[in-house]
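Presented below is the structure to which this report refers.
The values are calculated or read from the model by the stated rules, or taken from the named source; none is laboratory data. Quick caveat: nothing in here was measured; it's all calculated off a predicted structure. Here the Cβ positions follow ideal geometry from the backbone for every residue, glycine too, while neighbour counts run over all protein chains shown. In case anyone asks, the SASA skips ligands and DNA or RNA and just uses the protein heavy atoms, side chains included. Shrake-Rupley method; radii C 1.70, N 1.55, O 1.52, S 1.80 Å.
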Amino acid sequence: MRAFTFPKITGAALAATAVAGVTHQIYSSLTSQFYRPPGFEQHRHTCSSGNIITYYRRDGLPGGPTVVFESGLMHTSVAWLLLCEHLDPAISVVVYDRAGYRKSLRRCNVEYNLAESVGDLLDIIARGTDGGPTYVVGHSLGGYLAHRAAERAATEEKDGGRRAIDGIVLIDPTHPQELVVSQSQREGARGTNAAMKLGPVTALFGGGLLVEKGPLFEYCEGSPYYRQLRREASSHAGWVASKREWGYSYRLMLDGGRPLARLSVPVSVIAAEKTVLDLPEQQKLYDEYVASGAGGGSCRTIPGSAHLSITGGVEHAPLTAAAVQEQVTVWAESAVGTGTGTDRTPEVQAR
């Protein structure tokens, strides 16, 4: 082989790798955007923030409870689908993607803050529910957003608005003080912060093709949504949205956030066993979440589960679904018996 041919071959190989990587990124982004959950009806809504949010609804019994699911960081509505399969079909379900994920577009013209996502969630609740009791289930960062949404909804209710949320279930939720009370989580967050800074650029140029994803997605092996979840990990848009949310949340948690507001609705926590075993400080934070509610909440643990498998694992998702359904059913029966949870406007009741 001539000496000058080796650089040419090496350059060609690198170029081919780059092309394959970018092609993989584009394919992953497109399949992420256009995937439609089976059994759900797709809707689009322009929120008061300007964001154009895509949400999906599966109808249950008219006037019955509706559960709205709020995803964690770097996760989309797809992360809830396995759990939703195990819910009673009588319960109406709404899943959606925050601005920047999948088909949801960020059009807000101010710098990102969590209040933006909270407002979008409340807009989707107003648009996507049918007048019966409404409950929000949030995982990880989505749990904190659900709590903030319940706080804001209560304020709007006092100002003459309708009751938007009748209870919240937080699944292994992020707590604004967890980096203050736990040194191990603070150190782990530093690694996450570094990954978030590089993630969007790496994903843009096809880095998702080179990353060994097997260990990252062991938690959902056997799930019918396994391949879709893997593809979404290579989506450039998803990484950009995640970096934006993480950047704000990370600074908030480093400062200890703000005290949890007292809510006028009940709060329950469903914890991953591995979380409370590995991070014993977390149990106190979960208890604080429950205590912030109006009563009627509880904290329970899903045996053997970890932070991701609690919603996406074929072994643990059914157990989590059963816990969510049990809690929602109890609250809904109480709401019907007391006449609360049904104070919806005529416009919403008519939809």
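Every residue, every condition in (1) touching a helix residue (DSSP H, G or I) at 6+ places or on another chain (Cβ under 7 Å); (2) surrounded by fewer than 21 Cβ atoms within 10 Å (Cβ to Cβ); (3) acidic (Asp, Glu), yes or no:
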| site | (1), (2), (3) |
| --- | --- |
| 73 | yes, yes, no |
| 76 | yes, no, no |
| 88 | yes, yes, yes |
| 102 | yes, no, no |
| 110 | no, yes, no |
| 118 | yes, no, no |
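Which one of these does residue 329 not meet: (1) open to solvent by less than 50 Å² (accessible area, probe 1.4 Å); (2) part of a helix (DSSP H, G or I); (3) in contact with an Asp or Glu (Cβ under 9 Å, 6 or more places away or on another chain); (4) at pLDDT 95 or above?
That leaves (1) as the condition not met.
Any residue at all in region 286-304 that is buried (at least 18 other Cβ atoms within 10 Å of the Cβ), outside any loop (DSSP other than H, G, I, E, B), at pLDDT below 95 and among the hydrophobic types (A, V, I, L, M, F, W, C)?
Within region 286-304, not a single residue is buried (at least 18 other Cβ atoms within 10 Å of the Cβ), outside any loop (DSSP other than H, G, I, E, B), at pLDDT below 95 and among the hydrophobic types (A, V, I, L, M, F, W, C).
Give just the number: which of (1) modelled with pLDDT under 95; (2) assigned to a loop (DSSP other than H, G, I, E, B); (3) out of contact with any helix residue (DSSP H, G or I) (no Cβ under 7 Å at 6 or more places or on another chain); (4) of a type in the set (D, E, K, R) does residue 227 not satisfy?
With respect to (1) modelled with pLDDT under 95; (2) assigned to a loop (DSSP other than H, G, I, E, B); (3) out of contact with any helix residue (DSSP H, G or I) (no Cβ under 7 Å at 6 or more places or on another chain); (4) of a type in the set (D, E, K, R), residue 227 is out only on (2).
Restricting attention to region 256-271, which residues are open to solvent by less than 60 Å² (accessible area, probe 1.4 Å) and within 22 Å of residue 330 (Cβ to Cβ)?
Answer for region 256-271, where residues must be open to solvent by less than 60 Å² (accessible area, probe 1.4 Å) and within 22 Å of residue 330 (Cβ to Cβ): 263, 265, 266, 267, 268, 269, 270, 271.
From the list 44, 58, which one is surrounded by fewer than 22 Cβ atoms within 10 Å (Cβ to Cβ), basic (Lys, Arg), under 21 Å from residue 91 (Cβ atoms) and touching a strand residue (DSSP E or B) at 6+ places or on another chain (Cβ under 6 Å)?
58
Somewhere in region 181-193, is a residue out of contact with any Ser or Thr (no Cβ under 8 Å at 6 or more places or on another chain), surrounded by 24 or more Cβ atoms within 10 Å (Cβ to Cβ) and assigned to a helix (DSSP H, G or I)?
no
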